[in-house]
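Dumping the structure here so I can ask a few things about it.
Read-outs: derived from the displayed coordinates by stated rules, not from any lab. None of the values given here were measured: they were computed from a predicted structure. As a convention, Cβ positions derive from the backbone with ideal geometry for all residues, glycine included, and neighbour counts pool all protein chains shown.
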Amino acid sequence: MPTKKKVDPQVKPPIVEKPIQSSEPQLPLTTIGTEIASQTLAPGDERTWGMLAHLSTFINLLTGFGGPIAALIIYMVYKDRSRFVAYHAMQAMVFQLICWFGGGALIGLMWAIVGILSAFLVGVVLIPVAIVFTPILALLPIGALIYGTIGAVQVSQGQDFKYWLAGDWVRGTLTG
């Protein structure tokens, strides 16, 4: 005759969790990324992300280089979901690279030329010219802030915005 086991009242039986039943079909892990990437954005979301891409130029005030990186991240995230966001993010990145890094490179190049020519006395004459043009070239990033803000306002209102020269190049690059 089998003996009965005594059940200790303090020992609780193990809890077996049942899987949650969902009415939605479960996607395999390999298709989740493509499912998310194929979703399109609502027009309001497109305007918001396009505006943020243009406003990313303000990040340069804090970091000196973060604006183009932020615009590139927006481009990479939304390039397959919205052509509108991809276009505005890419042109904001290109414009920031031109204005922020281009302005700095021009100032550095100008002073390098003046320094080299100073050895031949011609550079000494150019020092006042360099002193005048340095603040003018330093205004280039300030102009980029203002121009980026104008672009952000127009995009948030649903209008198409195109940076002078950079917008045409980006549009040609993205449309192939």
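Would you please put 136-147, 84-95 in order of how densely packed they are, using the mean number of other Cβ atoms within 10 angstrom per residue and starting with the highest? If you can, show how the numbers build up before the last one.
Values: 136-147: 14.6, 84-95: 25.5.
Per-residue mean Cβ counts within 10 Å order the peptides as 84-95, 136-147.
For labels at Ala112 and Thr63 in the simple 7 Å Cα→Cβ model, what's the distance in nm?
Here the answer is 2.6 nm between the modelled labels.
For the pair Leu174/Gln157, report the inter-label distance in nm, with labels modelled 7 Å from Cα in the Cβ direction.
Reported label-point gap for Leu174 and Gln157 is 2.0 nm.
Show me, for region 146-152, the HN-Hα J-couplings you get by feeding each phi into the Karplus relation (A = 6.51, B = -1.76, C = 1.60, θ = phi - 60°), rounded to Hz, glycine and proline as x.
Result, ordered by residue: 5, 5, x, 5, 4, x, 5 Hz.
State whether region 109-176 is rounded, prolate or oblate according to the following rule on the C-alpha gyration tensor (a ≥ b ≥ c being the square roots of its eigenvalues): a/c under 1.5 gives rounded; otherwise a/b larger than b/c gives prolate, and the remaining case gives oblate.
oblate
Which percent of the Cα-Cα distances in region 72-124 go past 14 Å?
Details: 889 of 1378 pairs.
Cα-Cα pairs of region 72-124 separated by over 14 Å account for 65 percent.
Run a plain Debye calculation on region 44-175 (Cα atoms as equal point scatterers, no solvent) and give log10 I(q)/I(0) at q = 0.11 Å⁻¹, rounded to two decimals, same order as the q list.
-0.45
Ok, one more. Got a sec to turn the phi values of region 123-139 into Karplus ³J(HN,Hα) couplings, 6.51 cos²θ - 1.76 cosθ + 1.60 with θ = phi - 60°, whole Hz, x for Gly and Pro?
Each residue's phi maps through the Karplus curve to give x, 4, 5, 7, 4, x, 5, 5, 5, 6, 7, 4, x, 5, 5, 6, 6 Hz.
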